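Engineer: Below are the structure tokens for one structure; questions will follow.
The values are calculated or read from the model by the stated rules, or taken from the named source; none is laboratory data. All figures in this text were calculated on a predicted structure; none of them were measured in a lab. Backbone-built Cβ (ideal geometry, glycine too); neighbour counts: all protein chains shown.
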Amino acid sequence: MRAQACLVVAALVALGSVQAQDSTVRMEWLSVQDGLPGTGITDIVQDPAGYLWFATFFGVARYDGLRFEYFRGDPFDPNALPHSTILDLFDAGTHLWVATETDGLFRFDYAQEEFAPVETPEAIFEGLTTVHEQGDGTLLLGTWMGGMYRRDPSGKWSHFQHDPADPATLTSNYVSAFKEDSSGRLWVSSGNGLNLFDADAGTFRQFLVVEDEPRTPEFRPTDFPNYPSAASLALVEAPDETLWVGTGNGLVHLDREGAVLRRIGTGDGLPESWVHALFLAESGKLWVGTIGGPVLVDLATYRVSPLDLGAHPGARRLDRFVLSMHLDHSGVLWLGTAGAVAHVRTASDSFDIISLPFMTAMGILEDASGRLWVGSTEGTVGVWQPGTGQFEVIAPPAFSRTGALILRDIVIDSQGRMNVATMGQGVFRFRMPAANSTELRFLDRISRQDGLSDDVVYALTADEDGTLWVANQTGLDRVSPDGTVHSMVSNPEARDRSVPPGPIIDVERDRNGALWVTSLEGVARSEDQGQTFTRYPHIPNDRTSVSHPYTYTLTPSDDGSVWVTTYSALDRWDPDTGAFSHVVLDPELPLTSTTCALAGRHIWASTFSGIGRIDRSGRLVHYGLEHGLSAVDFANGTACHRGPSGRLYFSGRNKLYTVDPATFRDNLTPPKTAVSRVSLGEQTYLAGQWPGAHRRLAHSENDLTFHFAGFHYEEPARLTFTYRLLEQGSRWIDLGTTRSVRLSLQPGAYTLEVRSRSAMGVYSAPAATRFLIRRPWWGMPAVWLGLFVLVGVALGAGYRARVRGLAKRSRMLRRVVRDRTAELRAEKDRSESQAKRLVELDRAKSHFFANVSHEFRTPLTLILGPLQDLLDGRRTASDLRRDAPIMQRSALRLLRLINQILDLSRLEAGTLQVRAAPTDLVAFLRGLVLSFASYAEREHISLMFQASVERCPVMMDRDKLEKVVSNLVTNAVSFTPARGKVLVQLELADNCTEGAIHVSDT
């Protein structure tokens, strides 16, 4: 027995005898509020891609598990399905037949995703009731007052009607359904009985005819509550080749030849006599849809079990009028009613439900005889008999004497005693009754007066030697077979070696005999009968410790490991490493605490969000509402139990959920996947109508979004998707639950593959879409070939032009080199000339400074000599007056020299000011040269002046030019020897803009 620390005290009135097996099946509803486009679900089929199609009073809807797509009338499309009542659908593999009440027959092409009206005989344009296509392509149509029409593979139509005088004709002109049996025979349901059609002879055998019923109906097909009692409305074939027929007067079972085996009506449990839909489940149960709701019929016993469809927001009485049934490929049964659509799982991965006569089961025990003993929160014990499905509530007098009790745990010890743990009164022990009795004979009670640490007891476990271990609010107690109580409480001084402080929530032994306890401070293990304990506390950020300090139940496994439920996860203790690992049973939910666990071939655990299972491979499966759990919150369900039969029991609110692991099978049916729509830029198309399905796409049509649908209606919201482009590799790209992918592609041929994955981890076969994006015209091979030729020609012409250009360039370069060489040679000559001039200038500079020093020394000597004599007293005043003129001339000469040097400095610095005045340059120079004539004669030197022109008026600074020329002439005369010549020449251009003064001597 497993228990948890959460306590819920509820008060319910106990019933003496309660029907325990709940007839409620877990129905999910789809209505107009969910997008269903209309009411009156007359038929349901599934196409090869996986879509479900619903025929309604207002048109046809297609469903992918999440959304509806409504095909309604389009006044601008003559091929569109009209806004009409749809009475029947038939899936023919490549197309869908649609029978309308007033607008004839339509055919939907799955590949093109288009409706088209079908040409039929004029007489049957109105009033179609059913449609059927046989394997050879023969088309059968039923009408509501015109009999049956048959179109053979060649396209020839035949018409069959009721003839009162001919028993080999139809029993009625109202044809409601067609059914081919396993032998290929065609059965035809009509408004009065059943017909077996002989196609070769064109005749019928009649069954279930009611002679006083009219053969031509006085009702329309949508008047379903008013069908005649003789009408046969639905057929299904059993595995033994017998037929079950739904009629207006109940259910009829026929043998293979049509003889009546059994009639089932309202007196046998049918809620109404009109049976509209039938479905035979693999379990051998026949689902029967009536105007009063569905029922289950056991084929072996004919027992009728009503089914409660439950309700949905906006539910109406019409929701119980079952008109159609269909089992999809994933094992979900769909029920179309007059008001909405219901669906229920039929796979063997659902939990059975046992209703409790009280709020919560706190302790569960299955004895060897299969009886189920359940302790309540009200001081009573419920006993469930599997044979009768009845709960008997027992209130032992021993309980009533102690007041209201919560019965926390129930165990049977090796001496055959039933030990009942209570929260407040210790442990009660009863003699286990015989298999045919439920009387509990009180033996004794163990409480604090007998040495228990506390009377609030949470869990019990019994050893083979009769020792009883009691986990309670304060600590852990061991009760010997003789009744002696040994208490173990936490010792703060030996914290790491003593039992954890109370409360102790659970106590169990593992496969090796070690004793384990859980507490609100982790778990502990003892190998010496509780003398010492090894503590396993929760250590934050340590993944090898227990996941949470609040630990609840213990589940020893056959491999020696121990499973511990905590407030955070399900933990497993590894006997080899001594470490814990953690399993989060529902990672999609924020609250993942576990309340109870059971070991066996797999590990099963109840959680706050359902029931989880971990198989031997480590695969985790979560079960919730869709698996038959009517309340997935097990926070108040504090018990679970694995009985001797292997059946598992989990406590929930007002219910026990039970499952036999031996027959429990996960739904491993692979889903189906289909590309539903394609978006090309801003335009969205159905998959069969987008341009890429019929033609090559232009290079600019490369922005594509593919929308796809996955079909596994058991848990459609948990489908995940992957895709790949084969041309880009074989790796699948995960999209999660996203149902679309956007691609921007280069030109080329592509194959897009998409697959879906069910909640059980099973992948669908890939859905492939092939398309081609054309290259632009400039990317075509012919264009590239022509371009290559043109480029080749252009390159050849360019090469020749290049060669010519290079030759010309070469000639030009040679000329440039030649000219440049000449320039460099001239430049070299100029440089050498300049170098020579620089040398000459340097020599002239040296000569100038030597002359300047000489010129400075002579007047200075003439000045300093007399002055020194005067200072030394060798000169008199008369002598000074004689020398004064000489000294004055010498000082003036020195001043003149200094001014000339300053002018030269100003000239070099660019600061010499020029005071230009109009002057005849020729006359000025002639007069200046003549002023040196007397000086030249004294020195016996010939002085001459020559000018190239007679007159040259210019603007010039007379003073500065006079100084220059005077110095030149003076130097020339001074340094020219006697009988030498000094020539001053003036060379001028004709316009006097340029000229030169040359002073030469010999």
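For every residue, the table says whether it meets (1) assigned to a loop (DSSP other than H, G, I, E, B); (2) more than 27 Å from PRO481 (Cα to Cα); (3) among the aromatic types (Phe, Trp, Tyr); (4) in contact with a Pro (Cβ under 7 Å, 6 or more places away or on another chain).
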| position | (1), (2), (3), (4) |
| --- | --- |
| GLU378 | yes, yes, no, no |
| GLY382 | no, yes, no, yes |
| THR388 | yes, yes, no, no |
| GLN415 | yes, no, no, no |
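Engineer: Would you be able to tell me the number of residues in the range 240-252 that are without any contact (Cβ under 8 Å) to a residue 24 or more places away in the chain and not β-branched (Val, Ile, Thr)?
Structural biologist: Looking only at that region, the number is 1.
Engineer: Under 7 Å between Cβ atoms, at least 6 apart or on separate chains: pull out the pairs that start in the range 72-101 with a residue that is closer than 15 Å to ALA61 by Cβ and β-branched (Val, Ile, Thr) and end on any residue that is at pLDDT below 75 and not in a strand (DSSP E or B).
Structural biologist: Listed by first residue and then by second, the contacts come to THR85/THR222.
Engineer: Let me ask you something else. Among the listed residues SER182, SER232, identify the single one that is at pLDDT below 90, among the hydroxyl-bearing types (Ser, Thr, Tyr) and closer than 17 Å to GLU257 by Cα.
Structural biologist: Going through SER182, SER232 in turn, the sole match is SER232.
Engineer: Residues of the range 890-919 being in contact with a Leu (Cβ under 8 Å, 6 or more places away or on another chain) and not small (Gly, Ala, Ser), which ones?
Structural biologist: Quick first cut of the range 890-919, residues in contact with a Leu (Cβ under 8 Å, 6 or more places away or on another chain) only: 890, 894, 903, 906.
Listed by number, the residues that qualify are LEU894, ASP903, ARG906.
Engineer: Specify the residue that is surrounded by the fewest Cβ atoms within 10 Å (Cβ to Cβ); the eligible residues are those in the range 315-354 that are part of a loop (DSSP other than H, G, I, E, B) and of a type in the set (Phe, Trp, Tyr).
Structural biologist: Only one residue fits best here, namely PHE351.
Engineer: Scan the range 827-834 and tell me whether some residue there is under 19 Å from LEU895 (Cβ atoms), assigned by TED's automatic domain parsing to the domain that holds ARG896 and of a type in the set (S, T, N, Q). Steps first, please.
Structural biologist: Initial filter on the range 827-834 (under 19 Å from LEU895 (Cβ atoms)): none.
Within the range 827-834 (the criterion being under 19 Å from LEU895 (Cβ atoms), assigned by TED's automatic domain parsing to the domain that holds ARG896 and of a type in the set (S, T, N, Q)), the answer is no, since none of the residues qualifies.
Engineer: Does the range 900-911 include one or more residues that are touching a strand residue (DSSP E or B) at 6+ places or on another chain (Cβ under 6 Å) and either loosely packed, with under 11 Cβ neighbours inside 10 Å or touching a residue at least 24 places away in the same chain (Cβ under 8 Å) (or both)?
Structural biologist: No; the residues of the range 900-911 include none that is touching a strand residue (DSSP E or B) at 6+ places or on another chain (Cβ under 6 Å) and either loosely packed, with under 11 Cβ neighbours inside 10 Å or touching a residue at least 24 places away in the same chain (Cβ under 8 Å) (or both).
Engineer: For HIS699, only one of the following conditions fails: (1) touching a Pro at 6+ places or on another chain (Cβ under 6 Å); (2) modelled with pLDDT under 80. What is its number?
Structural biologist: (2)
Engineer: Given the conditions (1) surrounded by fewer than 17 Cβ atoms within 10 Å (Cβ to Cβ); (2) assigned to a strand (DSSP E or B), which single one is not true for VAL374?
Structural biologist: (1)
Engineer: Answer yes or no: is there a residue in the range 688-703 that is of a type in the set (A, V, I, L, M) and surrounded by 23 or more Cβ atoms within 10 Å (Cβ to Cβ).
Structural biologist: Of the residues in the range 688-703, the ones of a type in the set (A, V, I, L, M) are 693, 697-698.
Applying the additional criterion that residues be surrounded by 23 or more Cβ atoms within 10 Å (Cβ to Cβ) yields none.
No, every residue in the range 688-703 fails to be of a type in the set (A, V, I, L, M) and surrounded by 23 or more Cβ atoms within 10 Å (Cβ to Cβ).
Engineer: Here's something else I'd like to know. Only one of these is in the same structural domain as GLU994 (by TED's automatic domain parsing), at pLDDT 85 or above, hydrophobic (A, V, I, L, M, F, W, C) and touching a Lys or Arg at 6+ places or on another chain (Cβ under 6 Å): PHE945, PHE924. Name it.
Structural biologist: Details: PHE924 fails: touching a Lys or Arg at 6+ places or on another chain (Cβ under 6 Å).
Matching residue, one of PHE945, PHE924: PHE945.
Engineer: Of all residues in the range 174-206 being part of a strand (DSSP E or B) and of a type in the set (A, V, I, L, M), which is nearest to the chain's Cα centre (by Cα)? Don't jump to the end; show me each part of the working.
Structural biologist: Kept after step one, since they are part of a strand (DSSP E or B), are these residues of the range 174-206: 175-180, 186-190, 193-198, 203-206.
Cutting the leftovers down to of a type in the set (A, V, I, L, M) gives us 175, 177, 186, 188, 194, 196.
Numbers: VAL175: 50, ALA177: 45, LEU186: 50, VAL188: 50, LEU194: 54, LEU196: 55 Å.
Only one residue fits best here, namely ALA177.
Engineer: Inside the range 1-55, can you point out the residues that are modelled with pLDDT under 85 and closer than 23 Å to TYR110 by Cα?
Structural biologist: PRO37, GLY38, listed by residue number.
Engineer: Here's another thing I want to ask about it. Quick one: GLY310 ticks every box in (1) closer than 26 Å to GLU28 by Cα; (2) at pLDDT below 90; (3) over 45 Å from the mean Cα position of the chain (by Cα) except a single one, so which number is it?
Structural biologist: It is condition (3) that GLY310 fails.
Engineer: Restricting to the range 680-721, give me the number of residues that are of a type outside the set (A, V, I, L, M, F, W, C), part of a strand (DSSP E or B) and either over 13 Å from VAL741 (Cβ atoms) or free of Cβ contacts under 8 Å to residues at least 40 places away in the same chain (or both).
Structural biologist: 7
Engineer: Let me ask something else about it. SER273 is checked against (1) touching a helix residue (DSSP H, G or I) at 6+ places or on another chain (Cβ under 8 Å); (2) over 23 Å from GLY193 (Cα atoms) and fails just one. What number does that condition carry?
Structural biologist: (2)
Engineer: Are any residues in the range 448-469 closer than 16 Å to ASP510 by Cα and of a type outside the set (Asp, Glu), and if so, which ones?
Structural biologist: Of everything in the range 448-469, those that are closer than 16 Å to ASP510 by Cα and of a type outside the set (Asp, Glu) turn out to be ALA459, LEU460, THR461, ALA462, THR467, LEU468, TRP469.
Engineer: If you don't mind, another one. Quick one: how many residues across the range 640-698 are within 30 Å of TYR110 (Cβ to Cβ) and hydroxyl-bearing (Ser, Thr, Tyr)?
Structural biologist: Of the range 640-698, the ones within 30 Å of TYR110 (Cβ to Cβ) are 667-698.
With hydroxyl-bearing (Ser, Thr, Tyr) added as a condition, the list becomes 669, 673, 676, 679, 684-685.
Of the residues in the range 640-698, 6 are within 30 Å of TYR110 (Cβ to Cβ) and hydroxyl-bearing (Ser, Thr, Tyr).
Engineer: Please determine whether any residue of the range 425-432 is under 54 Å from the mean Cα position of the chain (by Cα), under 28 Å from THR551 (Cα atoms) and modelled with pLDDT under 95. Lay out the reasoning, then the answer.
Structural biologist: From the range 425-432, those under 54 Å from the mean Cα position of the chain (by Cα) are none; that's our starting set.
No, the range 425-432 has no match at all.
Engineer: Also, quick follow-up: Can you spot a residue in the range 652-665 that is modelled with pLDDT of 90 or more and either assigned to a loop (DSSP other than H, G, I, E, B) or buried (at least 22 other Cβ atoms within 10 Å of the Cβ) (or both)?
Structural biologist: No: zero hits.
Engineer: Still on this structure: Please enumerate the residues belonging to the range 962-1002 that are under 19 Å from ASP920 (Cα atoms), without any contact (Cβ under 8 Å) to a residue 60 or more places away in the chain and among the charged types (D, E, K, R).
Structural biologist: If the condition is that a residue be under 19 Å from ASP920 (Cα atoms), without any contact (Cβ under 8 Å) to a residue 60 or more places away in the chain and among the charged types (D, E, K, R), then GLU962, GLU987, ASP990, GLU994 are the ones that fit.
Engineer: Identify the single condition in (1) surrounded by 21 or more Cβ atoms within 10 Å (Cβ to Cβ); (2) farther than 22 Å from TYR149 by Cβ that ALA49 does not satisfy, given that it satisfies every other one.
Structural biologist: It fails just one condition, (1).
Engineer: Let me ask you something else. Take residues that are of a type in the set (Lys, Arg) and over 18 Å from LEU128 (Cα atoms) and tell me which of the strands (runs of 3 or more DSSP E) falling wholly in the range 25-106 contain 1 or more.
Structural biologist: 59-63
Engineer: Still on this structure, I have one more. Test GLU715 against the criterion of being charged (D, E, K, R), farther than 17 Å from VAL762 by Cβ, surrounded by 15 or more Cβ atoms within 10 Å (Cβ to Cβ) and over 15 Å from the mean Cα position of the chain (by Cα), and give yes or no.
Structural biologist: Taking the combined requirement at face value, the residue does not satisfy it.
Engineer: Here's a follow-up. Would you mind finding the one in ALA231, ALA259 that is crowded, with 22+ Cβ neighbours inside 10 Å and of a type outside the set (Ser, Thr, Tyr)? Quick ask: steps written out before the conclusion?
Structural biologist: Values: ALA259 fails: crowded, with 22+ Cβ neighbours inside 10 Å.
Of the residues listed, the single one that is crowded, with 22+ Cβ neighbours inside 10 Å and of a type outside the set (Ser, Thr, Tyr) is ALA231.
Engineer: Give LEU318, LEU333, LEU327, LEU323 a once-over and let me know the one that is modelled with pLDDT under 90 and under 41 Å from the mean Cα position of the chain (by Cα).
Structural biologist: Result: LEU318 is the single residue among LEU318, LEU333, LEU327, LEU323 that is modelled with pLDDT under 90 and under 41 Å from the mean Cα position of the chain (by Cα).
Engineer: Moving on. Kindly indicate the residue of the range 768-797 that is of a type in the set (Val, Ile, Thr) and outside any strand (DSSP E or B) and also nearest to the chain's Cα centre (by Cα) among those meeting that condition.
Structural biologist: Ranking the candidates gives VAL783 first.
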